[in-house]
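Q: The structure that follows is given in the form of structure tokens.
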Amino acid sequence: MASTVPHWINGEETRGTSGRDGPIYDPATGAEVRRVTYANAQDVDLAVASARNAFPDWRDTPLAKRTQIMFSFRSLVDAAKDELAELISSEHGKTKPDSRGEVLRGLETIEFACGISDHLKGENSQQVSTGVDISSVREPLGVVGCITPFNFPVMVPLWMVPIAIACGNTVVLKPSEKDPSVSNRLAALFIEAGGPPGVLNVVHGDRDAVERIIEHPDIVALSFVGSTPVARAIYEAGSRHGKRVQALGGAKNHMLVLPDADMDLAADAAVSAGFGSAGERCMAISVVVAVGDAADQLLPKIVDRIAELKTGSAADPTTEMGPVITREHKEQVESCITSGVEEGASLVTDGRGIRVPGSENGFFVGPTLFDHVKPAMAIYQKEIFGPVLSMVRVEHFTDGIELVNRNPYANGTAVFTNDGGAARRFQRQIQVGMVGINVSIPVPIGFYSFGGWRNSLFGAHSIYGPDGVHFYTRPKVTTTRWVDPVDRGVDLGFPRNT
Ligand code: NAD
């Protein structure tokens, strides 16, 4: 492993020309483990030129060949899953089983891309008018820019890249600068799978790199996943530059628990979805909405489970919850907890000041639970993105639905109940993009699409699955006549179908 992670352009590592780089930490120790090169505009231009040059041949590469490459890529990523998981854990801090799970979910979208010939089948209608046939096909767009967050350094790039590429586009990927190494590894595996150089390029960096990607005239579409303020800004700026944009943002996911629910199941789900990956998942549950007397049954069960959780380094196989991503983020999460106390929420379990033996400088925050949280409090309103679970008590089921529907975020939500009628009412009345019924993290399988509503997604397309194919292609409709027209001669009237 190089001590400075380079860009990956045209199938080769390059340091670029900016002379800038930044630190990568092991969040479990707080130590800088390596650095990563930051791209300037010139480096981005080089990556875009490589993708643009590769595009015509890749677009014309037969579907059968593209499919074979996707199958090989799938096999290589699958074979490398332990190595990739190790690399994720070393820069992100999540446990190895969690990292492995992320790679497996990423594999689902490569598997979807393996079926690209089926997904790209066109339509054809014959004799729509006398002697006239019509057909519609979807064609690739060109060079696509993909900008991804730190929290799923393999899965989120794989939500985008395999489908964009299988559709015949070429890609410039700008992963998070906090855990960038796995992106280079994926790009190398793509070459090993037979992918031509230039089809998948990786540039690293911060805002400078992203701004050049947004304004570059040869990039025709942008896929972004990250926080809501950046998603909104990228959607607006990308659209201003004439690009097709899908920008997925942050979340504040609620889990409604009705008094008739299986409380052990609900407590398991709340703790797993609230504290898995230290709460740094866009589908994490951050608010448990307890209806009626559900809170009094549920709270002690959650407390018991939190008491059993082991926080620590991913290097320790018994660890269940790792650190958060940076020291700055740890401080932000801790200051949110302090603000919750100041605003009058009941702090049931306090994760501040947790000490992990042997990892004293790691970025750890212990699992934290608040009860009696009110919608006006900052801990309710902010996306904390850490291991902080808030319980809000409401009187009626409909109060819970209204609460969820009023929240500006609308990524995922869940209901826990044994009443099928209530579950159905929830499913129909809830205004959120992804819904779980007794499922706390309803991330759709790879052959469906993933996307929130309101401030959790800007743009008309969800990501991966069928929406991914639509986003990365555009339709071409051809009207054909091969027989002699019945009526010859000039006719300035609008063509009629007769
Ligand atoms: P982030 O918005 O800080 O960064 C995302 C990407 O944008 C990174 O590549 C980063 O380098 C770049 N970036 C950051 N600030 C920028 C700026 N001002 N201008 C241009 N580019 C900028 O997000 P993050 O902290 O890496 O990831 C966590 C966030 O991502 C959370 O809000 C989480 O909910 C969200 N997320 C959403 C989904 C989803 O599917 N909706 C999935 C995963 C993560």
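Q: Give just the number: which of (1) open to solvent by less than 70 Å² (accessible area, probe 1.4 Å); (2) within 30 Å of PRO259 (Cβ to Cβ) does GLN297 not satisfy?
A: (1)
Q: Is at least one residue of the stretch 67-78 within 24 Å of the chain's Cα centre (by Cα), aliphatic (A, V, I, L, M) and within 30 Å of THR319 (Cα to Cα)?
A: yes
Q: In the stretch 124-136, what count of residues is obtained for those that are open to solvent by 60 Å² or more (accessible area, probe 1.4 Å) and either farther than 30 Å from PHE471 by Cβ or aliphatic (A, V, I, L, M) (or both)?
A: Residues that pass the stated criteria total 3.
Q: Being closer than 19 Å to GLU102 by Cα, at pLDDT 95 or above and in contact with a Gly (Cβ under 7 Å, 6 or more places away or on another chain): is that true of ALA251 here?
A: Here the answer is yes, as ALA251 does meet what is asked.
Q: Sticking with this one: With a cut-off of at least 3 residues that are open to solvent by less than 60 Å² (accessible area, probe 1.4 Å) and not assigned by TED's automatic domain parsing to the domain that holds THR311, name the strands (runs of 3 or more DSSP E) lying wholly within the stretch 12-96.
A: Result: 20-26, 31-38.
Q: Just to be sure before I move on: is LEU309 over 20 Å from MET155 (Cα atoms) and open to solvent by less than 30 Å² (accessible area, probe 1.4 Å) in the structure I sent?
A: no
Q: Considering only the stretch 369-397, state which residues are open to solvent by less than 10 Å² (accessible area, probe 1.4 Å) and among the hydrophobic types (A, V, I, L, M, F, W, C).
A: Those that are open to solvent by less than 10 Å² (accessible area, probe 1.4 Å) and among the hydrophobic types (A, V, I, L, M, F, W, C): LEU369, PHE370, VAL373, ILE379, VAL388, LEU389, MET391, VAL392.
Q: Further question: Does GLY459 count as within 16 Å of the ligand (Cβ to nearest atom) and under 30 Å from GLY322 (Cα atoms)?
A: no
Q: Evaluate the following for GLY421: is it small (Gly, Ala, Ser) and not in a strand (DSSP E or B)?
A: When the stated conditions are applied, GLY421 passes them.
Q: Then there's this: Please go through the stretch 406-430 and pick out each residue that is closer than 19 Å to THR228 by Cα and exposed (fewer than 15 other Cβ atoms within 10 Å of the Cβ).
A: Correct list: ARG406, PRO408.
Q: Give the residue, chosen from GLY358, GLY400, that is at pLDDT below 95, away from the ligand (no atom under 16 Å from the Cβ) and either at negative phi or open to solvent by 50 Å² or more (accessible area, probe 1.4 Å) (or both).
A: Only one candidate passes the filter, namely GLY358.
Q: Can you name the residue in the stretch 217-241 that is crowded, with 22+ Cβ neighbours inside 10 Å and closer than 24 Å to SER50 by Cβ and, of all such residues, is farthest from the ligand (Cβ to nearest atom)?
A: In this case the residue turns out to be ALA221.
Q: If you scan the stretch 139-160, which residues turn out to be more than 12 Å from the chain's Cα centre (by Cα) and open to solvent by 10 Å² or more (accessible area, probe 1.4 Å)?
A: GLU139, PRO140, LEU141
Q: Related question: If MET255 meets every condition in (1) within 14 Å of the ligand (Cβ to nearest atom); (2) assigned to a strand (DSSP E or B) apart from one, which number is that one?
A: (1)
Q: Specify the residue that is nearest to LEU248 (Cα to Cα); the eligible residues are those in the stretch 262-286 that are out of contact with any helix residue (DSSP H, G or I) (no Cβ under 7 Å at 6 or more places or on another chain) and of a type in the set (A, V, I, L, M, F, W, C).
A: In this case the residue turns out to be CYS282.
Q: Another question about this same structure. So in the stretch 315-336, with the set limited to residues that are over 18 Å from GLY358 (Cα atoms) and acidic (Asp, Glu), which one is surrounded by the most Cβ atoms within 10 Å (Cβ to Cβ)?
A: GLU334
Q: Would you please name the residue that is farthest from the ligand (Cβ to nearest atom), looking only at residues in the stretch 462-497 that are in contact with a helix residue (DSSP H, G or I) (Cβ under 6 Å, 6 or more places away or on another chain) and of a type outside the set (A, V, I, L, M, F, W, C)?
A: Looking at the filtered set, the residue picked out is TYR472.
Q: Shifting gears a bit: Which of the residues spanning the stretch 189-210 are under 20 Å from the mean Cα position of the chain (by Cα), within 10 Å of the ligand (Cβ to nearest atom) and open to solvent by 10 Å² or more (accessible area, probe 1.4 Å)?
A: Within the stretch 189-210, ASP206, ARG207, VAL210 meet the criteria.
A quick yes/no check of all residues on (1) open to solvent by 10 Å² or more (accessible area, probe 1.4 Å); (2) within 13 Å of MET391 (Cα to Cα):
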{"site": "ASN253", "(1), (2)": "no, yes"}
{"site": "VAL257", "(1), (2)": "no, yes"}
{"site": "ASP262", "(1), (2)": "yes, no"}
{"site": "PHE275", "(1), (2)": "no, no"}
{"site": "ILE285", "(1), (2)": "no, yes"}
{"site": "ASP304", "(1), (2)": "yes, no"}
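The values are calculated or read from the model by the stated rules, or taken from the named source; none is laboratory data. Just so it is clear, the structure is predicted and the values come from calculations on it, not from any experiment. Note that we place each Cβ from the backbone using ideal geometry, even for glycine, and neighbour counts take in every protein chain shown. SASA here: full protein model, heavy atoms, side chains in, ligands and nucleic acids out. Shrake-Rupley method; radii C 1.70, N 1.55, O 1.52, S 1.80 Å.
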